[in-house]
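Everything on this sheet refers to the single structure shown next.
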Amino acid sequence: MTNTRQKVTKIVLIDDHRLFREGVRRILEMESQFEVVAEGEDGGVVEEVILEHEPDVVLMDINMPGINGVEATRRLISRNPEVKVLILSIHDDETYVTHALKSGASGYLLKEMDADSLVEAVKVVADGGAYIHPKVTHNLVNEFRRLATNGNKRVPSGFRDVEYRKPLHILTRRECEVLQLMTDGKSNRAIGEALYISEKTVKNHVSNILQKMNVDDRTQAVVEAIKNGWVRVG
């Protein structure tokens, strides 16, 4: 008989606010494939916890006393590259996101997220993907657009003065609509509500978009769409 038992994703929570940790734990443990194996309140305990519990995913607060989340992530990934880190933050500024991703984090999630976004982010990261909160993605795209509009030389010329046109040569009309809403910073649930389709259907559309555009995650898809003039921004 084939063993159909679902693989359990072991998770560690690192955040200096106990009540926040308790709330996150409750949400995650409602999912049968998640198990919160340990908690910590300081970046300094991360390596010890990892050695003891060998988690698949670490949810890491970015602002903590002592060693902050970015530095703790950098140290952790340098020694344990197989562990996936999802940064939790109150900051939607693109500078924080850049530092977090450079440290080796696989995702960046704002603490204002709803339960569905938290679950989706952990699933994506655990599967080896990258997840960036839709609001943060929107801010990153707007920063690209602002710099391009100002003629900033740091922005690739391909981002400047691009004529808008839908990418109907590779995407369906519905996929174009989903791509536009992704650029607008909408979550899968919000996209589904806007287009009157199920969240599962949205996820299928997003997967098709990533495959057709030959990119690894939503952020890359949005940036490429802006670069090619396939979406409207602003």
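The values are calculated or read from the model by the stated rules, or taken from the named source; none is laboratory data. Just so it is clear, the structure is predicted and the values come from calculations on it, not from any experiment. A quick note on method: Cβ atoms are made from the backbone with ideal geometry, for glycine too, and the neighbour counts reach across all protein chains shown. The protein model used for the area step is the full one, side chains on, heavy atoms only, and it has no ligands, DNA or RNA in it. Shrake-Rupley method; radii C 1.70, N 1.55, O 1.52, S 1.80 Å.
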| note | Note on region 63-82: residues open to solvent by 10 Å² or more (accessible area, probe 1.4 Å), β-branched (Val, Ile, Thr) and either in contact with a Leu (Cβ under 9 Å, 6 or more places away or on another chain) or closer than 20 Å to residue 121 by Cα (or both) are 70, 77
| request: Tell me, please, whether a residue that is modelled with pLDDT under 90 and either open to solvent by less than 50 Å² (accessible area, probe 1.4 Å) or in the same structural domain as residue 133 (by the TED database) (or both) can be found in region 21-35. | output: no
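Any residue in region 143-159 that is closer than 29 Å to residue 84 by Cα and at pLDDT 75 or above?
Filtering region 143-159 for residues closer than 29 Å to residue 84 by Cα gives 143-144.
Remaining after also requiring at pLDDT 75 or above: none.
For region 143-159, residues closer than 29 Å to residue 84 by Cα and at pLDDT 75 or above: absent.
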| query | Only one of 114, 92 is under 13 Å from the mean Cα position of the chain (by Cα), modelled with pLDDT under 90 and open to solvent by 40 Å² or more (accessible area, probe 1.4 Å); which? | reply | 92
| query | With (1) without any contact (Cβ under 8 Å) to a residue 40 or more places away in the chain; (2) assigned to a helix (DSSP H, G or I); (3) touching a Gly at 6+ places or on another chain (Cβ under 7 Å) as the list, and residue 87 as the residue in question, which single condition is left unmet? | reply | (2)
| Evaluation of residue 44 against (1) surrounded by 15 or more Cβ atoms within 10 Å (Cβ to Cβ); (2) closer than 20 Å to residue 110 by Cα (one fails), failing number | (2)
| query | Any chance region 37-55 includes a residue that's touching a helix residue (DSSP H, G or I) at 6+ places or on another chain (Cβ under 8 Å), touching a residue at least 60 places away in the same chain (Cβ under 8 Å) and assigned by the TED database to the domain that holds residue 126? | reply | no
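Modelled with pLDDT under 85, among the acidic types (Asp, Glu) and not in a loop (DSSP other than H, G, I, E, B): does that describe residue 71? Full working, then the answer.
On the way: modelled with pLDDT under 85: no; among the acidic types (Asp, Glu): yes; not in a loop (DSSP other than H, G, I, E, B): yes.
No, not satisfied.
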| Restricting region 221-234 to residues that are outside any loop (DSSP other than H, G, I, E, B) and among the β-branched types (Val, Ile, Thr), which is surrounded by the most Cβ atoms within 10 Å (Cβ to Cβ)? | 222
| In this structure, is residue 130 open to solvent by less than 50 Å² (accessible area, probe 1.4 Å), in contact with a strand residue (DSSP E or B) (Cβ under 9 Å, 6 or more places away or on another chain) and within 17 Å of residue 27 (Cα to Cα)? | no
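Return the residues of region 196-207 that are open to solvent by 30 Å² or more (accessible area, probe 1.4 Å) and not charged (D, E, K, R); say none if nothing qualifies. Full working, then the answer.
Quick first cut of region 196-207, residues open to solvent by 30 Å² or more (accessible area, probe 1.4 Å) only: 196-201, 203-205, 207.
196, 197, 198, 201, 204, 205, 207 - these are the residues of region 196-207 that are open to solvent by 30 Å² or more (accessible area, probe 1.4 Å) and not charged (D, E, K, R).
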